[in-house]
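Colleague: Have a look at the structure that comes next, please.
The values are calculated or read from the model by the stated rules, or taken from the named source; none is laboratory data. Here the structure is a predicted model, which is why all the values come from computation and not from measurement. Here the Cβ positions follow ideal geometry from the backbone for every residue, glycine too, while neighbour counts run over all protein chains shown. Surface accessibility is based on the protein's heavy atoms, side chains included, excluding ligands, DNA and RNA. Shrake-Rupley method; radii C 1.70, N 1.55, O 1.52, S 1.80 Å.
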Amino acid sequence: MEMRVDFHTHIIPEDFTELTQHLTGEKWPKLERTCACGANIMVAGKVFREVTDQVWSPEKRIYDMERESVDIQVLSPIPVTFSYWAPAEEAERLARIQNDFIAETVNQYPTKFIGLGTVPLQNVEIAIREMDRCIHELGLKGIEIGSNVNGNNLDDPSLIEFFEMAEKWEVPLFIHPWETLGKERMPRHNLMYTVGMPSETALAGASLILGGVIDKFPNLKICFAHGGGSLPYLLPRLDQGWKVWPHLRLLDKPPSYYAKNFYFDSLVNDPINLRYLIENFGHEKIIMGSDYPFLLREVPPGKVIDETLGLSQEHTEAMLGKNALRFLNIPVKAGV
């Protein structure tokens with residue numbers, strides 16, 4: 001039986017609100033209990049998201065993992081807690097709370113969980129300091145970052161030093177959409193989740209490519225949530241733009257060349273979409289991820305890989321688990 005590693009899962013401390021009560025202002029997310037096994041994530045007095053104890057209880061997660069044949073979950077913070085809008089010192093305190101909690105959860109169940117941290121990207125010096133602590137003190141295996149920082153795309157010059165250090169320290173980055181573009185036009189139908197997030201992810205990826213970040217840091221390991229959103233489908237159009245607007249070019253090669261550096265989680269909802277990713281980027285760049293424990297998640301994790309016909313056992317095993325471990329610089333044991 002192949003090992004299944006769910007790369008894309010989110011977690012928050014059960015006592016999040018108590019831990020963050022020293023933070024002033026109403027924009028900070030809060031966790032308000034509604035019953036023994038449920039809560040609302042609140043932002044500015046409004047319900048941002050309804051959650052269950054799956055989002056804070058390691059034991060509940062392990063129960064679900066055993067039911068759904070998942071061997072290991074990679075834990076990352078919920079993007080609403082990035083708080084890039086906040087004063088950097090306060091955001092650093094929130095990041096430390098979350099990173100400590102994730103590291104403690106991993107230490108409690110080291111065979112079940114791997115941890116990713118968060119850093120306050122609104123101040124790159126502080127972000128690098130916290131990344132250093134995450135990787136070299138807490139033993140976390142990567143950093144989850146948002147798709148923009150207060151409306152600045154990821155090729156903003158202020159972020160270059162962060163990417164430089166991530167490459168130098170070989171820190172894998174998981175890019176997750178947040179504060180999506182055009183959200184004022186998506187108040188209905190939950191379009192922010194279904195259209196906004198994939199579009200936001202495409203903008204983040206295109207910015208990293210066209211802004212020269214990937215060219216500058218070719219060994220940077222980046223994985224995009226939700227199969228890269230709409231980015232993979234838009235690459236031919238980005239290439240066409242590169243071709244017809246030579247005066248805008250910062251790159252020697254077309255965007256699709258640099259996109260080969262990226263990794264993508266498998267959360268694409270349809271085997272046709274997964275096959276498109278495999279054909280364009282290679283099976284070794286696809287990492288199984290479910291978005292546990294939220295409503296839009298894949299159940300059971302790895303379903304789209306299981307339902308994609310014609311995959312070899314070697315490629316299936318790589319996407320279901322081995323690629324995640326390799327991406328996170330964790331040795332893949334023989335026989336796994």
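Colleague: For segment 306-313, indicate whether the set of residues that are of a type in the set (A, V, I, L, M, F, W, C), open to solvent by 40 Å² or more (accessible area, probe 1.4 Å), farther than 28 Å from His136 by Cβ and out of contact with any helix residue (DSSP H, G or I) (no Cβ under 9 Å at 6 or more places or on another chain) is non-empty.
Modeller: No, because not a single residue in segment 306-313 is of a type in the set (A, V, I, L, M, F, W, C), open to solvent by 40 Å² or more (accessible area, probe 1.4 Å), farther than 28 Å from His136 by Cβ and out of contact with any helix residue (DSSP H, G or I) (no Cβ under 9 Å at 6 or more places or on another chain).
Colleague: Moving on. Go through segment 288-328 and count every residue that is of a type outside the set (A, V, I, L, M), part of a loop (DSSP other than H, G, I, E, B) and touching a Pro at 6+ places or on another chain (Cβ under 7 Å).
Modeller: 3
Colleague: Any idea how many residues of segment 119-139 are open to solvent by less than 10 Å² (accessible area, probe 1.4 Å) and touching a Gly at 6+ places or on another chain (Cβ under 9 Å)?
Modeller: Total satisfying the criteria: 4.
Colleague: Being polar (S, T, N, Q) and open to solvent by 40 Å² or more (accessible area, probe 1.4 Å) is the filter; apply it to segment 217-263 and report the residue that is nearest to Arg275 (Cα to Cα).
Modeller: The selected residue is Asn261.
Colleague: Take the conditions hydrophobic (A, V, I, L, M, F, W, C), touching a strand residue (DSSP E or B) at 6+ places or on another chain (Cβ under 9 Å) and within 22 Å of Gly289 (Cα to Cα) and apply them to Leu75. Does it pass?
Modeller: Taking the combined requirement at face value, the residue satisfies it.
Colleague: Taking segment 205-258 as the region of interest, how many residues are among the small types (Gly, Ala, Ser) and in contact (Cβ under 8 Å) with a residue 60 or more places away in the chain?
Modeller: So the answer is 1.
Colleague: Given the structure, is Ile278 outside any loop (DSSP other than H, G, I, E, B), surrounded by 12 or more Cβ atoms within 10 Å (Cβ to Cβ), among the β-branched types (Val, Ile, Thr) and at pLDDT 95 or above?
Modeller: So Ile278 passes the test.
Colleague: I'm checking my understanding of the structure. Among residues of segment 65-88 that are crowded, with 18+ Cβ neighbours inside 10 Å, among the small types (Gly, Ala, Ser) and touching a residue at least 60 places away in the same chain (Cβ under 8 Å), which one is nearest to Met3 (Cα to Cα)?
Modeller: Ser76
Colleague: Quick check: anything in segment 167-181 touching an Asp or Glu at 6+ places or on another chain (Cβ under 8 Å), over 25 Å from Ile286 (Cα atoms) and not acidic (Asp, Glu)?
Modeller: Checked against the condition, which is being touching an Asp or Glu at 6+ places or on another chain (Cβ under 8 Å), over 25 Å from Ile286 (Cα atoms) and not acidic (Asp, Glu), segment 167-181 yields at least one hit.
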